[in-house]
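The values are calculated or read from the model by the stated rules, or taken from the named source; none is laboratory data. Treat the numbers as computed from the prediction; the structure is a model and nothing was measured. In this analysis, Cβ positions are derived from the backbone assuming ideal geometry, glycine residues included, and neighbour counts consider all displayed protein chains. Keep in mind that these areas ignore ligands, DNA and RNA; they rest on the heavy atoms of the full protein, side chains included. Shrake-Rupley method; radii C 1.70, N 1.55, O 1.52, S 1.80 Å.
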Amino acid sequence: MEPIRMVDLKGQYEKIDNQVQTALQEVLQSTAFINGPAVQRFQHHLENYLDVKHVIPCANGTDALQVALMGLGLQPGDEVITADFTFAATAEVIALLGLTPVLVDIDLKTFNIAVDAVARAITPKTKAIIPVHLFGQAAPMEALLQLAEEHKIFVVEDNAQGIGATYTFSDGRKQKTGTLGHVGTTSFFPSKNLGAYGDGGALFTNDDDLAHTLRGIVNHGMYQRYHHDVVGVNSRLDAMQAAILDVKLSYLDSYNEARKAAALQYNARLSGHQKIVTPFREGDCDSHVYHQYTLRLLDTDRDAVVKKMGEKNIPTGVYYPIPLHAQKAYKDPRYRPEDFPVTLQMTKEVISLPMHTELSTAQIDYICTHLMDAINS
Ligand SMILES: *Cc1c(COP(=O)(O)O)cnc(C)c1O
């Protein structure tokens with residue numbers, strides 16, 4: 001059996017190395033290292049894949065979030081609601097722009113932002129909500145979009161963990177996550193479901209005017225050469241990464257299928273266990289692309305389990321061990337622990353198992369056997 005990795009980029013690369021090398025050679029020979037045809041091609045392929053009018057490539061997923069908020073014209077003092085249980089980048093960009101992050105609790109089943117908590121947090125100063133499709137599972141978009149429309153606020157989807165997921169509305173309509181809100185963002189960090197071999201990110205929108213604004217912001221606020229209409233940033237996807245991503249985009253669905261197949265094998269082995277809660281699934285509407293395979297461990301010493309797994313050479317992850325509202329950088333006297341009961345519980349219970357496109361049945365068996373041993377002992 002191959003050594004078990006949390007993410008296996010090597011095994012995945014070996015299957016596409018010829019294609020990647022060819023794509024890189026083309027970029028090298030073209031010397032169009034910034035923007036240029038490779039970036040354009042990837043942009044158009046991603047627009048087609050997502051069925052969205054505009055993809056705006058940028059340097060990373062954090063920049064994408066920042067540029068999204070800049071493009072919506074939010075002003076210092078405006079409040080932006082997001083989940084307490086997410087990677088820090090989501091709250092970081094809100095604070096960086098002088099906006100006020102308003103962290104809210106999550107749903108126990110999906111780990112995603114709780115609609116009722118969002119509704120309670122809306123004030124006249126609320127200008128945007130940032131749902132995160134956490135671990136690859138779509139946030140409750142239909143209810144959030146409805147709330148946003150009622151209150152005239154923007155929805156920015158942080159789709160860094162959910163690219164390729166399909167959301168199903170109650171009328172059966174289906175749409176890719178990241179394309180449902182006013183603007184969506186993603187990250188091409190190497191371990192993400194569509195990962196580059198370096199940094200990368202993108203924004204998505206169906207709004208022509210907003211797309212125009214965003215394209216200028218990522219390029220120094222420049223809409224006409226050396227005319228700077230707004231204060232922008234320098235955030236570009238380089239051509240090498242775009243060429244790699246273009247190769248990998250053609251495999252994204254099969255990569256997500258491989259993740260799903262691994263998740264189903266985990267579920268089959270683990271779902272009967274009294275102390276294990278496997279990831280929530282929504283029957284035919286299931287939107288999960290398993291960026292992470294995250295379990296809840298009930299009445300269990302999680303740290304002891306992590307240690308025992310480590311002794312068997314099984315890596316595990318805890319995403320996330322500390323709620324954002326309790327982080328030094330984001331502390332605020334407004335936050336009371338009793339406002340975040342679910343997040344606080346999850347930070348103690350969750351454990352993520354190895355999840356990637358190259359997991360074998362033997363590896364999954366080995367992981368499950370030792371997880372159950374570690375919990376029962
Ligand atoms: C990875 C990630 C980001 C940031 O992406 P970078 O490309 O690393 O800047 C933002 N939000 C979430 C939820 C992420 O998982």
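Worth pointing out:
- Restricting segment 188-211 to residues that are closer than 19 Å to ILE34 by Cα and open to solvent by 40 Å² or more (accessible area, probe 1.4 Å), the residue that is farthest from the ligand (Cβ to nearest atom): TYR197
- Restricting attention to segment 1-30, the residues that are over 24 Å from the mean Cα position of the chain (by Cα) and open to solvent by 90 Å² or more (accessible area, probe 1.4 Å) add up to 9.
- Residue among GLN75, GLN29 that is over 24 Å from VAL231 (Cα atoms) and either in a helix (DSSP H, G or I) or not small (Gly, Ala, Ser) (or both): GLN29
- Per-region count, segment 62-104, residues open to solvent by less than 30 Å² (accessible area, probe 1.4 Å), over 24 Å from ALA114 (Cβ atoms) and away from the ligand (no atom under 12 Å from the Cβ): 1
- Looking only at segment 120-132, residues that are within 16 Å of the ligand (Cβ to nearest atom) and in contact with an Asp or Glu (Cβ under 7 Å, 6 or more places away or on another chain) come to 3 in all.
- Any hit, segment 44-52, residues being surrounded by fewer than 16 Cβ atoms within 10 Å (Cβ to Cβ) and assigned to a loop (DSSP other than H, G, I, E, B): yes
- Qualifying residue in segment 283-299 (condition: modelled with pLDDT of 95 or more, in contact with a Pro (Cβ under 8 Å, 6 or more places away or on another chain) and in a helix (DSSP H, G or I)): no
Okay, residues lined up against (1) under 24 Å from ALA32 (Cβ atoms); (2) over 24 Å from the mean Cα position of the chain (by Cα):
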site	(1), (2)
HIS227	yes, yes
ALA242	yes, no
VAL247	yes, no
TYR290	no, no
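- Within segment 109-160, the set of residues being of a type in the set (Lys, Arg) and at positive phi comprises just one member, LYS152.
- Checking PHE169 against (1) buried (at least 24 other Cβ atoms within 10 Å of the Cβ); (2) free of Cβ contacts under 8 Å to residues at least 60 places away in the same chain; (3) of a type in the set (Phe, Trp, Tyr), the condition it does not meet: (1)
- The strands (runs of 3 or more DSSP E) falling completely within segment 101-185 that include 2 or more residues that are touching a Pro at 6+ places or on another chain (Cβ under 9 Å) map to 154-158.
- Output for segment 269-315, where each listed residue is free of Cβ contacts under 8 Å to residues at least 60 places away in the same chain, under 27 Å from LYS176 (Cα atoms) and loosely packed, with under 13 Cβ neighbours inside 10 Å: GLY283
- Contact map, segment 346-357: residues that are of a type in the set (Gly, Ala, Ser) paired with residues that are open to solvent by 10 Å² or more (accessible area, probe 1.4 Å) and not in a strand (DSSP E or B), Cβ distance under 6 Å, separation 6+ or inter-chain. Pairs shown: SER352/GLN292; SER352/TYR319.
- Residue within segment 143-165 that is among the small types (Gly, Ala, Ser), more than 16 Å from the ligand (Cβ to nearest atom), at pLDDT 95 or above and within 24 Å of VAL289 (Cβ to Cβ) present: yes
- Test for ILE322: is it farther than 30 Å from ARG173 by Cβ and touching a residue at least 60 places away in the same chain (Cβ under 8 Å): no
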